[in-house]
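**Q** Below: one structure in structure tokens.
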2 protein chains.
Amino acid sequence: MNIGEAGKLSGLSPDTIRFYEKRGLILSTKRDEKGHRYYAENDVGWLGMLACLRGTGMPLAETEAFTRLVQEGDHTVPERIKLLEGHRERLEQKRAELDRFEKHLDEKIAYYNDFVKTEEKKKAQ
Amino acid sequence: MNIGEAGKLSGLSPDTIRFYEKRGLILSTKRDEKGHRYYAENDVGWLGMLACLRGTGMPLAETEAFTRLVQEGDHTVPERIKLLEGHRERLEQKRAELDRFEKHLDEKIAYYNDFVKTEEKKKAQ
DNA sequence: TCTTGACCTAGAGTTGCTCCAACACCCTAT
DNA sequence: ATAGGGTGTTGGAGCAACTCTAGGTCAAGA
């Protein structure tokens, strides 16, 4: 499949895929006779993994490190686990922070809603 | 209090506070006789609000719009509610996406763990 | 006295995209 | 046949939101 479709399925834009390719994050990029990139099913799976790492806030340098481990073969699986588990942990913390911020946001909205209600009461008097 | 302390309490770095000030996001910045910024209790509250908006992914342009509403006075409260509720909704979607990614990540880790276990069994034979 | 540390400024550098110009190719409609 | 539209290609510019650096002021402590 072409880059547009691969992008739609994986959640990365064609621009991002090309950018990742330059950075060495794409495991396999073949070209057809016109010079257009094309991707197989499991290439798209990898793109989806990249989208997942990006979406969970992994820095590109670390995604690069992970990619290199994948390229080196099966014996790096334990290292990959370590890397992903470290990432998972940070994610956990980010989520906790997000929870606090969301609560803060909700409180602000509640405060504003109260304010409006009080104003309306004043006017009604 | 000075910018360092205000930063620590609000969760923004002094650099970020100065950067926000240039962008017009700081409601009040007074200086002492040495030209150093100082902040009162409720200035820090506002900085905390900015940290919250940033931490929940609001674009700076929108934070600027919100700041302008706050500066215009109480009659903009309904608009502020609309803005924050729109933001809240996007946040909800981002969180749903994050959940999917986290699940994906966990599945990958589980897959790798399985892989290692299977390898160990093979060796043991 | 001197050095450590916190502040100041303007501006450069970084990350991770995202968009643009300029071109190639193929399909369809006129 | 050719004009338009949609897809792809490249290199490089532009952008958001910081983050860091250089070069400076000032006050306090060893």
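**Q** Dipole of chain A, Cα-centred, from +1 at each Lys and Arg C-beta and -1 at each Asp and Glu C-beta, to the nearest 20 debye? Don't jump to the answer; show the numbers that get you there.
**A** On the way: 23 positive and 23 negative charges, 89 e Å.
So the magnitude is around 420 debye.
**Q** Can you compute the charge dipole magnitude of the range A:73-125 about its Cα centre, using +1 on each Lys and Arg Cβ and -1 on each Asp and Glu Cβ, nothing else charged? Give it in debye, rounded to the nearest 20. Before the final figure, lay out the partial values.
**A** Values: 13 positive and 13 negative charges, 62 e Å.
The calculated dipole for the range A:73-125 is roughly 300 debye.
**Q** Over chain A, what number does the Rg to Rh ratio reach, with both radii from the alpha-carbon atoms and Rh per Kirkwood? Provide the component values of the computation, followed by the final result.
**A** Numbers: Rg = 22.5 Å, Rh = 17.8 Å.
Radius of gyration over Kirkwood radius for chain A works out to 1.27.
**Q** Using only the Cα atoms, work out Rg/Rh for the protein assembly as shown, with Rh taken as the Kirkwood radius, to two decimals.
**A** Values: Rg = 24.1 Å, Rh = 21.9 Å.
Using only Cα positions, Rg/Rh for the protein assembly as shown is 1.10.
**Q** Right, another one. Please compute, over every Cα-Cα pair in the range A:1-58, the percentage with a separation greater than 19 angstrom. Show your work: numbers first, answer last.
**A** Numbers: 286 of 1653 pairs.
Distances greater than 19 Å cover 17 percent of the Cα pairs.
**Q** How shielded is A:40-52 by partner chains, expressed as the average number of their Cβ atoms within 10 Å of its Cβ atoms? Could you put the intermediate results ahead of the total?
**A** Working: counts 0, 0, 0, 0, 0, 0, 0, 0, 2, 3, 0, 3, 8.
If you average over the peptide's residues, the count of other-chain Cβ atoms is 1.
**Q** Which loop-located trypsin sites (Lys or Arg not before Pro) does the range A:20-92 contain, where loop means any DSSP state but H, G, I, E or B and the Cβ has at most 15 other Cβ atoms within 10 Å? Don't skip to the end; give the middle numbers.
**A** Details: sites: A:K22, A:R23, A:K30, A:R31, A:K34, A:R37, A:R54, A:R68, A:R80, A:K82, A:R88, A:R90; in loops: A:R23, A:K34.
Passing sites in the range A:20-92 are A:R23, A:K34.
**Q** Here is a follow-up. For q = 0.13, 0.22, 0.26 Å⁻¹, what log10 I(q)/I(0) does the range A:65-125 give under the Debye formula with an equal point scatterer on each alpha carbon and no solvent?
**A** At q = 0.13, 0.22, 0.26 Å⁻¹ the computed log10 ratios are -0.58, -0.86, -0.97.
**Q** Taking each residue in B:96-109, count the Cβ atoms of any other chain within 10 Å of its Cβ, then average. What number comes out? Mind showing how you got there, number by number?
**A** Numbers: counts 0, 4, 7, 1, 3, 10, 7, 1, 7, 11, 2, 1, 7, 7.
Across B:96-109, the average partner-chain Cβ count within 10 Å equals 5.
**Q** With angles folded into 0 to 90 degrees, how steeply does helix B:41-55 sit against the dominant principal axis of chain B? Use alpha carbons for both and round to 10.
**A** Approximately 40 degrees, to the nearest ten.
**Q** Also, quick follow-up: With just the Cα atoms defining each centre, how far is the range B:60-125 from the range A:6-67? Give it in Å.
**A** 21
**Q** Under the definition of Cα pairs under 8 Å and six or more residues apart, what whole-number percent is the relative contact order of chain A? Intermediate results must be reported in sequence, preceding the final value.
**A** Numbers: 73 pairs, mean separation 23.5, N = 125.
19 percent.
**Q** Along the positive direction of the dipole of the protein assembly as shown (beta-carbon charges: Lys, Arg +1; Asp, Glu -1; about the Cα centre), which of B:L98, A:L47, B:I109 reaches farthest?
**A** Of the listed residues, the answer is A:L47.
Only the coordinates and a few stated rules stand behind these numbers; no lab work does. Since the structure is predicted, the reported quantities are computational estimates derived from the model, not experimental observations. Glycine gets a Cβ as well: all are built from the backbone with ideal geometry, and neighbour counts include every protein chain shown.
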